[in-house]
Structure formats: structure tokens, C-alpha cells
Amino acid sequence: MTSWPELEAMPNKLVNYGVTDNGIAIIELCSDSDGNPLTEGKTSVNTYTRSMWEDIDQAILNARFDDDVTVIMMIGHGEKFFSAGASINYLNTLTPRYKYFFCLHANETLSRLEQTPKLVIAALNGHAIGGGLEIAMAADIRIGLKDNGSVGLPEVSLGVLAGTGGTARLSRLVGKAKAMEIMVTGRKFSFEEAQEMDLVHDVYDSTNNEEFRSDVMDYASQFTLPYAAAKAIGNIKRSVQSGMEIPLEYHLALERELQSDLFQSNDAKTGIAAYVEKKTPRFEGA
Amino acid sequence: MGETEVLEKYKPNFEEWINQFNEWQSRIGFDSAWLGDYRFEIKFDWDSAGDTIEFGDFEGMPKWERRMQIPQQSVRDAIISMISVQGDTEFGSVEQQWHLLDSAPTEYDKKSAMRIMCEEQRHGWQMAYVLCNYFGDQGIREAQKLLERNSAANPIRGESDRPRLLGSFNEPIDNWLDFFCFTHFIDRDGKFQLKMLSTSSFKPLAASMGPMLKEESFHLGTGANGLRRIVKQGVIPVALLQKYMNKWVSTGLDLFGVDESTSAQWAYVYGIKGRYDEREAGIPADREHLNEESRMHYFDELAKEMERINKGRHEGQPELFIPSDNFNRSVGKFVDIRTDVHGEPFEGDEEAWTQYLHENLPNDEDVAELNEYFKEEWIQYREWKD
Ligand SMILES: [Fe+2]
Ligand SMILES: [Fe+2]
């Protein structure tokens, strides 16, 4: 029963960050509909601007370098949204060249998330639309709160495409045919439907947002030390994330290397010894 | 014993399970009219469930109240399988027993059997509820499977029906002597299982056990009482009764599982299933011999119960006895070792052994003889009081 940590605002005040006692780093997106820091009376829609990406980027690096952190959890502030994606008003002020660099930076940041050998969970406490879903798709596990949001990539209605990894990741996650249909129609759909196509891993029927937060926290806790072999989880992630993009022969080679890395770890010794002695293992992540 | 919480509202996935349950009832031959005004309820006794994990590797941590709090997948899987097996036995026994209602010796016995079958179904509900409510899709699937299996002993079986998970729940309960033996020996085993789960690290499971144990005591009471009344009546010869004891005791002992069981050990390590006397034991558990230990407790209790049953016997009649725990075993280290009912090594060839079993376990002639006795007043009369 892990409790939620004190979160602190990152420099641009668009992301709140904190780490639980058992090593779960929370990255909470927090902004109003224009992508500005939240002020009294405004609802959190958690849209992003370049400033939010700077905060996200920094938070990912913090979690990456923090040896105590084994799991990263992304969530939206407030009741209704995980994230509504890029702030349209903000985008409207940018030159095409600036927009290009804006997208590039967002892409690089999500790559960082994807390449960090720590499990990333997107807790979809509300709508994950457009760029919001694109962030979630760079996570390893997605969990939705029942009847409290939808997903979709509606960029087509603005005459553009989901350009922060949307077309690339959605087609990899749900297959070409399904991805096409979702993106050319731009339709929004429920977490349940998303679960049917394995886009969302689980939908929790927690009674409210607060309970959902505690449920996903409990879920995430099973991947933390000392009960989970966090290093092995990290290597599994590395093998799946990078391996899927290279030919099978190379993937198998990568897998062997990652396995050999684990064979040399204390955790493998601990895990195997505990099994033989009929104890539950206590891992150290190395 | 604390206060019992009776749930008033269910989530849709359990409502859906209830629909499947209703189909199960008619498929396996249980007429829902037999329920009378009995209503299935989900009951928890949270106070007796305990707040802190009582034994095993997680001792001292708060008990788990939701699936997500369970620290490892292997632990979760073990809990699900434990609940599924328990639920499987509950429905299995109804499939074995319902056909006896028509031939009940007295109104009292008919009503007792009816009540037992209602309560077994409630126990099945309780286990299915815990699966559906706490274990997501995996739990819902397991709860459905409880309704897809059908005891091999049920006279009504479909072609594709898979049997119940444990041997005793596929054994035919052919007549009312079998019924009393089953409730006395097998429901008593059930009591042991429930007691062992009552200290579980998974709180909803532990909290289910209080109300179930209360009901279960009526079941084994019915068995013990039935056997006492048969002995008192003195119509069925003790020698014939003894054969039924021999049959059901060995079955009951087998139910405790293999010796040096690793799954019992894991269940203990995970804090899921304790010793029969976990809260009173006062000494560390012998983790490698958990099944053996509970089996011994059970065996001791059988001996004590048998003394009480014997008290009513007619003058000059021999005493009924509990056969050796080595006799006729299908599980454990005595599987391949032949002993007589007193536990002495059996000397003799294959043929002699077959003959010995024929003489000491109910055979076809015994069943025919028994059916003749059933035409008489073979059991002491008892009035049903509401
Ligand atoms: Fe029962
Ligand atoms: Fe029972």
C-alpha cells in the first residue's frame, strides 16, 4: 500500500515530480487549456507547449539517473484529462520551422522515455487525445480509469497528422489496418475498446480519481524492489523496444547479450537461490 | 468472531456470473424450486480476518485487500488457484448429492440435505464473488470455469463436461449411507481447509471463512449425527458400516494432498494458507510437512468422533473404528504400500489383495444388502424443527 509522494513543480511549473518510498517516479502533467501553468479556477487539461516538454525531459532524466527509481509513472493532473495534446492556440503562433523543432524535441523526449531501461506506466486518469495518446504510447503499460475518458488521434481534422510518433507507434501497437482506420477517421473511443485492441492493458473500475491513483500505485508497486527483479524488467523492456525494430537475427543477438548481462547479476543468483530454497526473493536491482 | 457484513449490491460482472449460475443449476439437475425462500448472500467477517499477515515471508506486513497490493504475480496466481479449487468443491458436492433428495429416509434428513446443498452453493457464490470482484478478467474466467465443470458422479452429464478438480468430488454418492459418510468425513475435511484459509494474507479470502465455517459445522454435524442414528438403530450390521468407514476415511485423508508438498509450502511462504491451528500453534511451522500435519489433526479428530458414534451401539455389537491412515491410500507415501485396515503390512499375492479389498470395501453384494436394509426403519427417526 504505497502512498502518493509529495510532488514538486519542475522549473517551468508544467510538470510535478516526486518519488515514492519504493522507487516509483511520478511525472504528473499539469497545465491549463493554453498550456500555461495552472492558476486558480482553471481546469487541468494538461496540454503541452515547448516549456512542458522541457519539464518532461528533465523529469525523465531525473528518474533515469536516480538509482532508487525502478518504475516511472505518467499521469495527468486533475480529474478529466491525462493530456489533451499540444495546445492549439500555442501551435497557431509558431512558424513552420519552429513547429518542426518543437516536434523534434517532443520526439526526442519520448525516445528517451522509451529507451530508459525502467518500466514506464501511463495511468490514464482521463482523456488521452492527440499528443496525449502519443505520450501514453511511448509508455510500456497503459491503464485506463473506467468511464472516465477516451483515446484517439484526431489530428486529421486539423489537416495534419499525429506527428509525435503517433502514426509510427499506433501502427506498431495495434497493427496497420486498425491504425489506419483510427487515424484517418480521427475518431475517439473508449478505454474498453482500446483494451480490446491491446492499446490499453487494463481498465480499472476504481470509484473515483483518487482511488484510481491508489490502485495504479499498487499495481506499479509490484514492479519495484525488493519484490520484483527490476533489472530484468529493464532488460526485457530494452529487448522488446529496441529489438522489434531490427532484423530477427540481430534481435536474438541483442537478447543474448541482455540475458548474459542478467546472468552476471546478483538478482539472478538471488532469484534462483530463493526458488530452490522455497523463499520469496528480495532483489536489489543489480 | 466479529460482525458479518452481508453485501447488498454487486457489480455487473458478478450479476452476469449469477445468470450463468442459474443456467448451471438447471443444467446439472438442481431444481431452483428446492431453494424455497433461501437467498444466496455474500458474507464477510472482516474482524476475524486480521489486519497483519500472520505467517510466511510477508509476515508483519498489512494483509492485502486488493489484487494490486499482492506483491508478486506468483502469489496472485497461487491465491486464484486456491480460491478456484475451494469453489470447485462447493459446486461439485451439489452435483454429487442432489439426486438423493427423493430417497431421503425422513423429512428431517431431506431438509438437512437441502440446507447443505443451499449452503454449498452459497460457498461457491462466495468464492466466485471473490474471483470476479478482486481478480479482474483472470478471476472472471476462473469463476466461469467453476460452472463449466461437472462432477463425474452427477447422473446428469453432458458429453463435453469436464470433471471436478479433486477426486472425492467425482466419487459417486450412491445412497444415504454414503451421504452421511460424505458429510461426516469430506465436509469435515472442508472445515479443515476453510480454517487453514481463515488466516490468509489475502484479506477478502480470510474474511470469507468465518461465515462459511459456521455453515460448514452444520454439514459435518449432519454427517456425525446421521452415523450416530444409524448405529443406534442397529439395523445395518456394524461390519457393513465398517466397510463404508474404510472407503471414506481413505478418501478423506487423500484430500489433504501429497506428503512433502511444495505447493503447500509455497502457500505457506506466501501467507495464503496456514496451519489448521495457525493462531494457537505457538511454534514455527514444519514447512516441509504441512499436509502431513493437517492430515494428522484430521485423523485425530476422526478417532474422537468415532468414540461418540460408538456410544450408541447395541449391546454385543462390535465397535466401529477408523482404519489405519496407511490403508487404501491413493495419495502420499502409502500409495504403493499394501497394508490391512490396521496398518499392518499385507502379506499375500495380487489375488489375495484383490480379495482383501473386496472384503473390506463396499462391494456389489454389500450394496444389494444395504438396499434391503433401506426398506426397513434403518435410521433413528428425527423430527424437523424450523
Ligand atoms: Fe462448503
Ligand atoms: Fe459443506
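The values are calculated or read from the model by the stated rules, or taken from the named source; none is laboratory data. Just so it is clear, the model here is predicted, and its values are computed rather than measured. Glycine also receives a Cβ, built like all others from the backbone with ideal geometry; neighbour counts cover every protein chain displayed. Ligands, DNA and RNA are stripped out before the accessible areas are found, and what is left, the full protein with its side chains, is counted by its heavy atoms. Shrake-Rupley method; radii C 1.70, N 1.55, O 1.52, S 1.80 Å.
Mind checking which of A:ARG50, A:ARG213, A:ARG97 has the largest fluctuation in a GNM of chain A, springs on alpha carbons under 10 Å?
Answer for the Gaussian network model of chain A: A:ARG97.
Hey, any idea what % of the range A:230-277's accessible area is carbon plus sulfur with a 1.4 Å probe?
Heavy-atom surface of the range A:230-277 belonging to carbon and sulfur, 1.4 Å probe: 62 percent.
Once a ≥ b ≥ c are taken as the square roots of the eigenvalues of the Cα gyration tensor of the range A:8-221, is the result rounded (a/c under 1.5), prolate (a/b larger than b/c) or oblate (a/b not larger than b/c)?
It comes out rounded by the Cα gyration axes.
Run the 1.4 Å probe and let me know the accessible area of A:LYS146, rounded to the nearest 10 Å².
90 Å²
List, in order, the whole-Hz ³J(HN,Hα) value for each residue of the range B:150-167 obtained from phi through the Karplus relation with A = 6.51, B = -1.76, C = 1.60 and θ = phi - 60°; use x for Gly and Pro.
Calculated HN-Hα couplings, in order: 8, 4, 4, 8, 6, x, 9, 9, x, 4, 9, 5, 8, x, 5, 6, 10, x Hz.
Angle check, please: helix A:230-243 long axis (alpha carbons) against the longest principal axis of chain A (alpha carbons), in degrees 0 to 90, nearest 10.
60 degrees
Subtracting the Cα-Cα distance from 0.36 nm times the residue separation, let me have the gained length for B:PHE40 to B:ASP277 in nm, one decimal.
82.4 nm is the gain from fully extending B:PHE40 to B:ASP277.
Compare each residue of the range B:225-271 in its chain alone against the assembly with all protein chains, and report those whose accessible area goes down by 40 Å² or more; 1.4 Å probe, heavy atoms.
B:TRP266
How far, in degrees from 0 to 90, does helix B:12-28 lean away from the longest principal axis of the Cα atoms of chain B, to the nearest 10?
Compared with the principal axis, the helix lies near 20 degrees.
Take A:ARG97 and A:ASP21, extend 7 Å from each Cα along the Cα→Cβ direction, and tell me the distance between the two endpoints in nm.
Reported label-point gap for A:ARG97 and A:ASP21 is 5.4 nm.
Using alpha-carbon pairs under 8 Å, 6+ residues apart, how would you state the relative contact order of chain B in percent?
19 percent
Quick one: what are the phi-derived ³J(HN,Hα) couplings along the range B:59-65, Karplus 6.51/-1.76/1.60 with θ = phi - 60°, whole Hz, x for glycine and proline?
So the J values, rounded to whole Hz, are 3, x, 7, x, 4, 7, 10.
Could you sort the peptides B:226-236, B:328-338 by per-residue average Cβ neighbour count (10 Å cutoff), highest mean leading?
B:226-236, B:328-338
At a probe of 1.4 Å, how much accessible area disappears from chains B and A on forming the pair, both sides counted, to the nearest 100 Å²?
Between B and A, the summed buried area is about 1700 Å².
Can you give me the long-range amide H partners of B:GLU5? Hydrogens built in the peptide plane at 1.01 Å from N, cutoff under 5 Å, separation of 5 or more residues or another chain.
B:PHE44, B:ASP45, B:TRP46
What angle do you read, to the nearest 10 degrees and between 0 and 90, between the alpha-carbon axis of helix A:96-115 and the longest principal axis of chain A?
Its long axis makes an angle of about 20 degrees.
Just by accessible area at a 1.4 angstrom probe, what is the order of B:ASP37, A:ASP21 from largest to smallest?
These residues rank, largest area first, as A:ASP21, B:ASP37.
For chain B, set up a Gaussian network in which alpha carbons nearer than 10 Å are linked by springs, and say which option among B:PRO284, B:PRO204, B:PRO362 fluctuates the most.
Checking each option, the largest mean-square fluctuation is seen for B:PRO284.
I'd like the FRET efficiency for A:GLU196 and B:GLN73, computed as 1/(1 + (r/R0)^6) with the beta carbon distance as r and R0 of 22 Å, rounded to 0.05.
0.45
In whole angstrom, how far apart do the alpha carbon centroids of the range A:190-230 and the range B:118-161 sit?
27 Å
About the Cα centre of the protein assembly as shown, how large is the charge dipole given +1 on each Lys and Arg Cβ and -1 on each Asp and Glu Cβ? Please answer in debye to the nearest 20.
About 2000 debye.
Quick one: what are the phi-derived ³J(HN,Hα) couplings along the range B:126-140, Karplus 6.51/-1.76/1.60 with θ = phi - 60°, whole Hz, x for glycine and proline?
Each residue of the range B:126-140 in turn: 4, 5, 5, 4, 4, 5, 5, 7, 10, 10, x, 4, 4, x, 4 Hz.
How far apart, in nanometres, would the label points at A:VAL276 and B:LYS9 be if each is projected 7 angstrom from Cα along the Cα-to-Cβ direction?
5.4 nm
Let me check I've understood the local charge: for B:SER217, count other residues with C-beta under 14 angstrom from its C-beta, Lys and Arg +1, Asp and Glu -1. What total comes out?
Within the 14 Å Cβ shell, the charges total -3.
Could you order B:GLU120, B:GLU41 by accessible surface area, starting with the largest, using a probe radius of 1.4 Å?
Largest accessible area first, the residues go B:GLU41, B:GLU120.
Using the alpha-carbon centroid of each, what span in Å lies between the range B:28-83 and the range B:222-236?
Here the two parts' Cα centres lie 35 Å apart.
Taking R0 as 51 Å, what FRET efficiency do you get between B:ALA33 and A:ASN89 from their Cβ-Cβ distance, rounded to the nearest 0.05?
Once the sixth-power term is evaluated, E becomes 0.15.
Percent relative contact order of the range A:8-221, based on C-alpha pairs within less than 8 angstrom and at least six residues apart?
17 percent
When a/c is below 1.5 the answer is rounded, else prolate if a/b is larger than b/c, else oblate, so apply that to the range A:230-277 with a ≥ b ≥ c taken from the square roots of the Cα gyration tensor eigenvalues.
Prolate shape, in that a/c is at least 1.5 and a/b is the bigger ratio.
Set the Förster distance to 30 Å, then compute FRET efficiency between B:GLU365 and B:SER103 from the Cβ-Cβ distance, nearest 0.05.
0.90
Give the cross-link partners of B:LYS243 among the lysines, using a straight C-alpha distance below 26 Å as the criterion and excluding same-chain residues fewer than 8 apart.
B:LYS110, B:LYS191, B:LYS232, B:LYS304, B:LYS311, B:LYS333, B:LYS375
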